[in-house]
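Colleague: This is the structure, below, for whatever I ask next.
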Amino acid sequence: MRYLTFALAKGRMAKKTMELFEAIGLPCEEMKDEGTRKLIFVNEELKLRFFLAKANDVPTYVEYGAADIGIVGKDTILEEGRRLYEVLDLGIGKCRMCVCGPKDAADKLKHHELIRVATKYPGIAKDYFYNKKHQTVEIIKLNGSIELAPIVGLSEVIVDIVETGSTLRENGLTVLEEIVGLSARMVVNQVSMKIEHERISRIITDMRALIQSREQDGR
Ligand code: PRP
């Protein structure tokens, strides 16, 4: 039996994801050692390999087949636009992609003014403003702390992730428009889906059942 390889987005979602895999009988003991510098973790018995990668790279590993399955946020899937199958919403890491800014920027959005939009997600921002709103804007790519941009005058608005809303509140900004709801998704390599159909469909079915039962329990 060949190894089935999983690419997980590094960060807050990885631990929750491994809890879900463990709950459907796919544990990885090696991964629980938080002090380790290992990059790849194996469950020899079940022939599973797990690795952690930068979120943006997960769709790349999956498209090229270096990982059969990936777990990554919908934001990254949309931004990267890779060829892969998105098969399941894991219901974790729920948040929203929004256009945000100071309250008075709402008018500029309404009147389709030529404004500057700062974001870590230029692909999503471009699709939203050009294809959905048909508004010409200037998009400025940033790499983090996006909320700074309208405060220091780099842009009128931002396109960014809002989870609790506290970063916005504490910086005098607000949600102006909602673009899309986000959460962690399972993605599958298109060839793996065929050659490992049985193992992968089983994982999808078991995971879907687990998520549904947890949602019913309100967890
Ligand atoms: C994300 C996002 C917001 C914040 C939203 O940033 O870009 O800044 O979380 O969360 P909240 O609504 O609960 O306040 P992240 O912490 O990932 O870091 P970044 O600034 O480097 O993007």
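The values are calculated or read from the model by the stated rules, or taken from the named source; none is laboratory data. Small disclaimer: the values here were computed from a predicted structure and weren't measured. Cβ atoms come from the backbone with ideal geometry, glycine included; neighbour counts cover every protein chain shown. Surface accessibility is based on the protein's heavy atoms, side chains included, excluding ligands, DNA and RNA. Shrake-Rupley method; radii C 1.70, N 1.55, O 1.52, S 1.80 Å.
Colleague: Against the longest alpha carbon principal axis of the chain, how many degrees, from 0 to 90 and to the nearest 10, is the axis of helix 12-23 turned?
Modeller: For 12-23 against the chain, the angle is about 30 degrees.
Colleague: How many percent of DSSP beta bridges within region 69-219 run antiparallel, rounded to 5? Intermediate results must be reported in sequence, preceding the final value.
Modeller: Working: 21 of 28 bridges.
Restricted to region 69-219, the bridges split so that about 75 percent are antiparallel.
Colleague: Now for a separate question. Per Stokes-Einstein, at 37 °C and 0.692 mPa s, what whole-number D in µm² s⁻¹ belongs to region 71-219, with the Kirkwood radius over Cα pairs as the hydrodynamic radius?
Modeller: 193
Colleague: In a Debye calculation with equal point scatterers on the alpha-carbon sites of region 95-180 and no solvent, what is log10 I(q)/I(0) at q = 0.14, 0.25 Å⁻¹?
Modeller: -0.38, -1.38
Colleague: Here's a follow-up. Name the residue from TYR121, GLY81, ALA106 whose Cα lies farthest towards the positive end of the charge dipole of the chain, charges +1 on Cβ of Lys and Arg and -1 on Cβ of Asp and Glu.
Modeller: GLY81
Colleague: Starting from the amide H of ILE139, placed 1.01 Å from N in the peptide plane, find each other amide H under 5 Å away whose residue is 5 or more places distant or on another chain.
Modeller: Sorted by chain and number, the residues that satisfy this are VAL117.
Colleague: Quick check: Cα centre of region 49-106 to Cα centre of region 131-189, how many Å?
Modeller: 15
Colleague: Determine the principal axes of the Cα atoms in region 1-68, then give the extent along each, sorted from largest to smallest and rounded to whole angstroms.
Modeller: Reported extents, whole Å, longest axis first: 30, 26, 23.
Colleague: Helix 197-216 versus the longest principal axis of the chain: what angle, 0 to 90°, nearest 10, using Cα atoms?
Modeller: 60
Colleague: Right, another one. Given H placed 1.01 Å from N in the peptide plane, which residues other than close sequence neighbours of GLU177 have an amide H under 5 Å from its amide H?
Modeller: When sequence neighbours closer than 5 places are left aside, the close amide H contacts are VAL99.
Colleague: Treat every Asp and Glu Cβ in region 39-148 as -1 and every Lys and Arg Cβ as +1, leave all other atoms uncharged, and give the resulting dipole magnitude about the Cα centre to the nearest 20 debye.
Modeller: On the way: 17 positive and 16 negative charges, 73 e Å.
I would put it at about 360 debye.
Colleague: About the Cα centre, and with charges only on the beta carbon of Lys, Arg (+1) and Asp, Glu (-1), how big is the dipole of region 95-180? Nearest 20 debye, please.
Modeller: Computed about the Cα centre, the dipole is about 180 debye.
Colleague: What net charge is computed for the residues neighbouring GLY70, neighbours being all others with C-beta under 10 Å from the C-beta of GLY70, Lys and Arg scored +1, Asp and Glu -1?
Modeller: On the way: positive: ARG82, ARG185; negative: ASP57, GLU63, ASP68, GLU86.
Taking every other residue near GLY70 into account, the sum is -2.
Colleague: Looking at region 13-66, which trypsin sites (Lys or Arg not before Pro) are DSSP coil and have at most 16 other C-beta atoms within 10 Å of their C-beta?
Modeller: When the trypsin sites (Lys or Arg not before Pro) of region 13-66 are filtered for loop state and at most 16 Cβ neighbours within 10 Å, ARG37, LYS38, LYS47, LYS54 remain.
Colleague: Please state the charge dipole magnitude for the chain, taken about the Cα centre, from unit charges on C-beta atoms (+1 on K and R, -1 on D and E), reported in debye and rounded to the nearest 20.
Modeller: Taking the Cα centre of the chain as origin, the dipole is about 240 debye.
Colleague: In region 106-127, whose amide N lies under 20 Å from the spot 7 Å out along Cα-to-Cβ of ILE140? List them in ranges.
Modeller: Backbone N within reach: 106-110, 112-127.
Colleague: Moving to a separate point now. Suppose R0 equals 25 Å. What FRET efficiency, 1/(1 + (r/R0)^6) with r the Cβ-Cβ distance, do GLU198 and LYS16 give to the nearest 0.05?
Modeller: Numbers: r = 26 Å, r/R0 = 1.06.
Using R0 = 25 Å, I get an efficiency of 0.40.
Colleague: Follow-up. May I ask you to derive the FRET efficiency for LEU46 and GLU113 from their Cβ-Cβ distance with R0 = 35 Å, giving the value to the nearest 0.05?
Modeller: Computed FRET efficiency for LEU46 and GLU113: 0.05.
Colleague: Which of ASP68, ASP160, ASP33 moves the most in a Gaussian network model of the chain with Cα springs under 10 Å?
Modeller: Looking only at ASP68, ASP160, ASP33, the largest GNM fluctuation is found for ASP33.
Colleague: Could you compute the FRET efficiency for ARG219 and ASN131, with r as their C-beta to C-beta distance and R0 at 45 Å, rounded to 0.05? Kindly include the intermediate steps, with their values, before the conclusion.
Modeller: Numbers: r = 37 Å, r/R0 = 0.82.
Computed FRET efficiency for ARG219 and ASN131: 0.75.
Colleague: Putting +1 on Lys and Arg Cβ atoms and -1 on Asp and Glu Cβ atoms, find which of PHE41, ALA149, VAL162 reaches farthest to the positive end of the dipole of the chain.
Modeller: Highest projection toward the positive end goes to PHE41.
Colleague: Starting at the first residue of region 101-118, write each ³J(HN,Hα) from the Karplus equation 6.51 cos²θ - 1.76 cosθ + 1.60 with θ = phi - 60°, in whole Hz, x for Gly and Pro.
Modeller: After applying 6.51 cos²θ - 1.76 cosθ + 1.60, I find x, x, 3, 6, 6, 4, 5, 5, 6, 5, 8, 6, 6, 6, 10, 9, 10, 9 Hz.
Colleague: Further question on the same structure: Give a residue-ordered list of calculated ³J(HN,Hα) values for region 85-99 (Karplus: 6.51 cos²θ - 1.76 cosθ + 1.60, θ = phi - 60°; whole Hz; x for Gly, Pro).
Modeller: Per-residue couplings from phi come out as 9, 8, 10, 7, 8, 7, x, 10, x, 5, 7, 10, 8, 9, 8 Hz.
Colleague: Residue by residue, what Karplus-based ³J(HN,Hα) values in Hz, rounded to whole numbers, does region 183-195 have, using 6.51, -1.76 and 1.60 with θ = phi - 60° and x for Gly and Pro?
Modeller: 5, 6, 10, 9, 10, 10, 5, 5, 6, 4, 4, 7, 6
Colleague: Can you send over the carbon and sulfur percentage of the accessible area for region 95-180, probe radius 1.4 Å, protein chains only?
Modeller: The C+S portion of the solvent-accessible surface of region 95-180 is 48 percent.
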